[in-house]
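K.L.:
Let me give you the structure first, and then I'll get to my questions.
The values are calculated or read from the model by the stated rules, or taken from the named source; none is laboratory data. Predicted model only: the values in this text are computed from it and were never measured. Here the Cβ is made from the backbone with ideal geometry for all residues, glycine too, and neighbour counts use every protein chain on show. Heads up: the accessible areas ignore ligands, DNA and RNA and are worked out on the full protein's heavy atoms, side chains in. Shrake-Rupley method; radii C 1.70, N 1.55, O 1.52, S 1.80 Å.
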2 protein chains.
Amino acid sequence: MTADRSAAPGPVGELGAAAVLRALPAGAVRLGPGFWSARVTANAERSLNAGLERMTEAGTLENLELAAGTRHGAYHGKLPFLDTDVYKWLEAVAWHVQSTGSAEWLEKADEVIALVAAAQQEDGYINSYTTVVRGGERWADLPSGHEMYCAGHLIQAGIAHRRATGRTSLFDIAERFAALLVTQFGEDGEQVGYCGHPEVETALVELYRETGNAAYLRLADRFITLRGSGQMGDRPFGRRYWQDLVPVRELRALHGHAVRALYLATGVTDVYLETGEAALLDVLRAQWEDLLRGKTYITGGTGARHRDEALGDAFELPADEAYTETCAAIALMQWAWRMQLATGESQYADIFERVMYNGFLAGVSLVGDRYFYVNPLQVRSDTTLGPDGRQAWFSCACCPPNVMRTLASLTHYFATSDDDGLQIHQYASGEIRTEWGAGVNVETGYPFDGTVRLAIPPASAGTWTLALRIPAWARGATTVLLNGAPVAGTGNDGTLGADVDYVRLTRTWHAGDVVELDFPLRPRLTVADPRVDDARGCVAIERGPLVYCAEHLDQDSDLRDLMLAGHPWDGAPIEIDGTTLPTVLIDATARSLDTKDPWPYRELGGPDKSAAAGHAAHTRVTAIPYLAWANRTYGAMRVWLPHEEAN
Amino acid sequence: MTADRSAAPGPVGELGAAAVLRALPAGAVRLGPGFWSARVTANAERSLNAGLERMTEAGTLENLELAAGTRHGAYHGKLPFLDTDVYKWLEAVAWHVQSTGSAEWLEKADEVIALVAAAQQEDGYINSYTTVVRGGERWADLPSGHEMYCAGHLIQAGIAHRRATGRTSLFDIAERFAALLVTQFGEDGEQVGYCGHPEVETALVELYRETGNAAYLRLADRFITLRGSGQMGDRPFGRRYWQDLVPVRELRALHGHAVRALYLATGVTDVYLETGEAALLDVLRAQWEDLLRGKTYITGGTGARHRDEALGDAFELPADEAYTETCAAIALMQWAWRMQLATGESQYADIFERVMYNGFLAGVSLVGDRYFYVNPLQVRSDTTLGPDGRQAWFSCACCPPNVMRTLASLTHYFATSDDDGLQIHQYASGEIRTEWGAGVNVETGYPFDGTVRLAIPPASAGTWTLALRIPAWARGATTVLLNGAPVAGTGNDGTLGADVDYVRLTRTWHAGDVVELDFPLRPRLTVADPRVDDARGCVAIERGPLVYCAEHLDQDSDLRDLMLAGHPWDGAPIEIDGTTLPTVLIDATARSLDTKDPWPYRELGGPDKSAAAGHAAHTRVTAIPYLAWANRTYGAMRVWLPHEEAN
């Protein structure tokens, strides 16, 4: 067992003066049995081991030995950023050790850290691809070389490992490399440049938080300041892809490669949190609004385009061709969290929740060993992504270890504190304790059940404010009771107004005080802005924070033939790979459309040969949470379903 | 001037007994001034010269010199089928010489043919990529090597050149290579195999038609028989991509790479035309119906997917992400024509017309010097395909010379003959003369104007049947008059019944007899099968055979904000690059949708924040023929437009 590290920071450490909210220490939120506990356990028990096996099979670990010169042979893989798989996995292991104290995993991490240490060069440089494949030629291809992108993940892993374990082995490696970056790219450095793939910016700010060394913050600020000056040149997909068309301080809409755009926005927000530069928050707010208005799927996924993994134009949100990389979901969670810290506004936690339960969680199987890189909202048949569906690993395996580190540290994002008290943004059974006393014990079946019971433990008695987020979908229909009675400002039954996004309970708390929230967890139908072409005439089914989908194997009819009608209701639960999930049912007609005339276009108002020849039969559609799709078989699936009343 | 070659065959020569219709000789249809004459002239005056320049710049011609050993240096380009650019261009030049007798172009062709001749090896083999890049290693990579694909295009060019000019220089090169294919891959050959990219099959059947040598027909039959045996192995995109999952005689639905699928179907139809094997026609009919029912765009484009250039699943017809390669349009025209010859049925000419005027013609600029490889039905802004829009050439330049050879021989596909007389399938001003006397002079403003006047010239007096195709969109509303009077079987006003797809006029024709067709060339609104997700709630505007689109620069409002209402009407003509085109107008409301709340999803039946905050203003939408889009600027465009009454 390691020493108690629960008071050390989580992924985002102590923030500068611009922060409205404070992140809690890594150990502040402890999950009890429930939805997230099961996911985090699957991550720990299946994903981490499988990840180590996959990296071993793929030669990703051996590449470090090739770089160290302790082994000879050909480099494994063709991508210059494979080292980051190791770093993200190490970060995941670190957070797992933080929450469990596992000596076994501490030791496994040490073995891998030894490989990283051996691959580091005298002056701190480390990148196995550069060393082995490029003959050691550094910084020669900033747009595509990913050297600083790799450094960023190393820094994040090093910080996590130190915060989680108190050990400095990985952190020291990372900081030596970071110091080299300052020498190379700082104000007095040898080179003016920035990395083609943003990531190092947020890592450098975190390193500043961890060390107090302002050189790292200045370097992050320098990278975001230089960005947009066109140094990426005339490359495939254009300067938007490379986040290099417009200087960050003038950038009011996000474009290009989704993960790059969102990692950059995350880093910019980090810089703002430390510097308080108002101009940065101004453009970040504009970027956020632009992203939400027309570049975010209902699942919280972003990045519409396969071709260049790009966000796409406004309202370019194809359901079947959605790229919506799992890493983009993670990136949006990272950015939303920092915007939450910077502003305290509920909209960021709303999106965090949406992404977390849908676009993010669909990226990993319920068992925890298979992944999606691409997360479509529609599959027509089993041929779209190949018969395999989820895969155990990828030649470009950025997503799986990114999922692992995110799940291993997920509780970090559930609550914050400020001078008044404790804010709870995401609901899960467990215990929340701030370092200064405030805390609650939470019992809930959320996200499947709408009741959340929060009890004050003895140690948290005292005067402080408990702020509880009312999700956007629940506003105006949520009740809150304090020790069984309505609180001031609510109706007789405790119903909160539609304008309440956080219910703030300021009082002198006593041990055993109980707050009960009741969210309206009924199935509902959602329609899209008419500019979202792929949702026209369709509804999505949502229930609480969960987006639902219809999978072919639960239906009596071909998914293509369905026309929904009326309102949905709760169906019997379904069990998939040990997880019990609520289903939603809705009436529909299944239109038998095949006709002798195959031409599928006809004059408006002219004879409808398909309807005349076919017939419509009543059926019932069963929907399951999108997060659980493709866990039984891989086949036809839809989030957006035609509905009689949608237009 | 060359000798008169007008009696020699066009691209498809004398057919076997299974053919219901006969193709006319190359010189049988001569265009007069009109729509197609302008297109063919642009092809001759701009495209052919520009193509030669682009191939020179790209090094495509120099590659042949590298293969010949007359020049040394690095191979230009990375693709193994660049020789086909030369062959397709030569075929285009040949047909141009056929129709114009141009001595200048005859000579230019000779210069290029000399390069091809020098690159041919002793035993007939020719492929510059194999010779230069692969060290001469032949047939080592049948799936990706494209050696027989190249041979196919060489054979087609050689046949065209001989038919068009009477010269045998290119033909002899081609036949020597074809003979080598028989030695290598025939029944008694050294290797059992087939090419990853079908094309040689149709070429070999044509070579059989040209030479009477049954070995070529047998080899084509052998290739289609072997296909589907899995020889392509486990390769990217799966066996469907390679047209290798199912044996051709069991293949009832087309899948995978669109051009490969359609070139293969073309070759299979050619084999059927010569062998009359009923099983082939049976599967071809099934494939055709499957293609039309859910894998063909309203433009006649096919191939929905960018990723693997594949047809996609049934009803996977995204408007914005449509791949719809220009070559796939050409391939579908080739297949449709052969199905027409095999069956005499109007549905094939209907699709030929649709593709020709829309999916095909949009692939080249009106001026004739810039091309689309990909032909989307929707563009949201100027960032989707890059700011350039059409391009002068491509690193994979299959489409431009394919357009050239198709336009240069397009009149071949306008009419046929059988024992009873002459059939006219496509309407254009000019003269049609069969070798046995039947003929007409055609005057028409088609496809912009609906009147077609057909006059019998003195040489065509006699008893025979004139069959005139009534396009599917015109049936039941077309009038036909013979010397000003209704013909038997029509109403008093000469209106043909809705079941008449060919009006057949059998009589003793006298010089000066006039038949007048009047097609209902009014704008109409078309809706799609409800399974076509990207057309849900939308209409397309069509007028005659032309699909229309709305380009941003003709509108007062953002294309995304429009909701059409009511019926369209003819607007004032518009001139684009010297071509006068009819426009269509329709009323619409432009919904101002932007609101303070950026989240673009809301509960069905809940408050519509977008509508409440915005307002709808009346506007008028101007639509132009899709074939002319992106000739002025490259920007937002839509074929499918939301309409109040569509669902």
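K.L.:
Please report the Cα spread of the range B:430-531 along all three principal axes, rounded to whole Å, starting with the longest.
P.N.:
51, 28, 22 Å, listed from the longest principal axis down.
K.L.:
Can I ask one more? How crowded by other chains is B:288-298, given as the mean number of beta carbons from other chains within 10 Å of each beta carbon?
P.N.:
Mean partner shielding for this stretch: 3.
K.L.:
Using a 1.4 Å probe on the protein chains only, how many percent of the accessible area of the range B:22-413 belongs to carbon and sulfur?
P.N.:
48 percent
K.L.:
I would also like to ask the following. Check each of the trypsin sites (Lys or Arg not before Pro) in the range A:528-598 and keep only those in coil by DSSP with at most 12 other C-beta atoms within 10 angstrom; list them in order.
P.N.:
Answer by residue number: A:LYS596.
K.L.:
In percent, what relative contact order does the range A:387-500 have, based on Cα pairs under 8 Å that are 6 or more apart in sequence?
P.N.:
So the answer I get is 16 percent.
K.L.:
Taking only Cα atoms of chain B, what ratio of Rg to Rh do you get with Rh as the Kirkwood inverse-distance radius?
P.N.:
Rg/Rh: 0.98.
K.L.:
HN-Hα J couplings of the range B:298-314 from phi, Karplus 6.51/-1.76/1.60, θ = phi - 60°, integer Hz, Gly and Pro as x?
P.N.:
My calculation for the range B:298-314 gives 4, 7, x, x, 9, x, 7, 9, 5, 4, 10, 6, 9, 4, x, 6, 4 Hz in order.
K.L.:
State, in square angstrom and to the nearest 100, the accessible area buried between chains A and B, both chains counted, probe radius 1.4 Å.
P.N.:
Approximately 5700 Å², summed over both chains.
K.L.:
Something else now. Could you grab the relative contact order for chain A? Cα pairs under 8 Å, six or more apart, rounded to a whole percent.
P.N.:
13 percent
K.L.:
Here is a further query. Efficiency by 1/(1 + (r/R0)^6): what FRET value for A:ARG620 and A:ASP282, r their Cβ-Cβ distance, R0 = 41 Å, to the nearest 0.05?
P.N.:
Efficiency for this residue pair is about 0.25.
K.L.:
Let me ask another. Return the FRET efficiency for the residue pair A:GLU57, A:SER6: r is the Cβ-Cβ distance, R0 is 30 Å, and the value is rounded to the nearest 0.05.
P.N.:
Efficiency at R0 = 30 Å is approximately 0.30.
K.L.:
With a cut-off of 19 Å, note down the residues of the range B:319-356 whose backbone N falls inside the zone around a label point 7 Å from the Cα of B:PHE394 toward its beta carbon.
P.N.:
Counting backbone N atoms under 19 Å from the label point, the list is B:319-335, B:355-356.
K.L.:
Now, a different point. Within 10 Å of each Cβ in peptide B:532-543, how many partner chain Cβ atoms are there on average? Round it to a whole number, please.
P.N.:
Average per residue, whole number: 5.
K.L.:
Within 10 Å of each Cβ in peptide A:314-320, how many partner chain Cβ atoms are there on average? Round it to a whole number, please.
P.N.:
5
K.L.:
With each label point set 7 Å from Cα along the Cα-Cβ vector, what nm distance links B:ALA488 and B:THR70?
P.N.:
Those two pseudo-labels are separated by 6.5 nm.
K.L.:
At B:ARG30 and B:GLN231, where each label point lies 7 Å from the Cα along Cα→Cβ, what is the point-to-point distance in nanometres?
P.N.:
4.7 nm
K.L.:
Need one number for the range B:162-302: average projected area of the convex hull over its C-alpha atoms, nm².
P.N.:
Average of the hull's projected areas for the range B:162-302 equals 9.6 nm².
K.L.:
Evaluate the distance, in nm, between pseudo-label points positioned 7 Å from the Cα of A:THR451 and of B:GLU250 along their respective Cα→Cβ axes.
P.N.:
Each label point lies 7 Å from its Cα, and together they span 5.9 nm.
K.L.:
Continuing with the same structure: Strictly over 19 Å apart at the Cα level, which of A:LYS88/A:LYS108; A:LYS88/A:LYS295; A:LYS295/B:LYS295 would you flag in this model?
P.N.:
As for pairs spanning more than 19 Å Cα to Cα, those are A:LYS88/A:LYS295; A:LYS295/B:LYS295.
K.L.:
Ranking request for peptides B:342-352, A:70-80: highest mean number of other beta-carbon atoms within 10 Å first, then the rest in descending order.
P.N.:
The peptides rank, most packed first, as B:342-352, A:70-80.
K.L.:
Ignoring any ligand, DNA or RNA, what whole percent of the accessible area of the range A:515-615 comes from carbon and sulfur when the probe is 1.4 angstrom?
P.N.:
50 percent
K.L.:
What do you get for GluC sites (Glu not before Pro) in the range B:550-647 restricted to DSSP loop and a cutoff of at most 14 other Cβ within 10 Å of the site's Cβ?
P.N.:
B:GLU645
K.L.:
Next up: Please identify which residues in the range B:141-160 have an amide N closer than 16 Å to a label point set 7 Å out from the Cα of B:ASP172, following the Cα→Cβ vector.
P.N.:
B:158-159, by backbone N distance to the label point.
K.L.:
Hey, another quick one. Kindly report the accessible area of chain A per residue (heavy atoms of protein chains, probe 1.4 Å, no ligands, DNA or RNA), in Å².
P.N.:
Accessible area per residue: 32 Å².
K.L.:
Using R₀ = 30 Å, calculate the FRET efficiency as 1/(1 + (r/R₀)^6) where r is the Cβ-Cβ separation of A:SER592 and A:GLU645; round to 0.05.
P.N.:
Once the sixth-power term is evaluated, E becomes 0.85.
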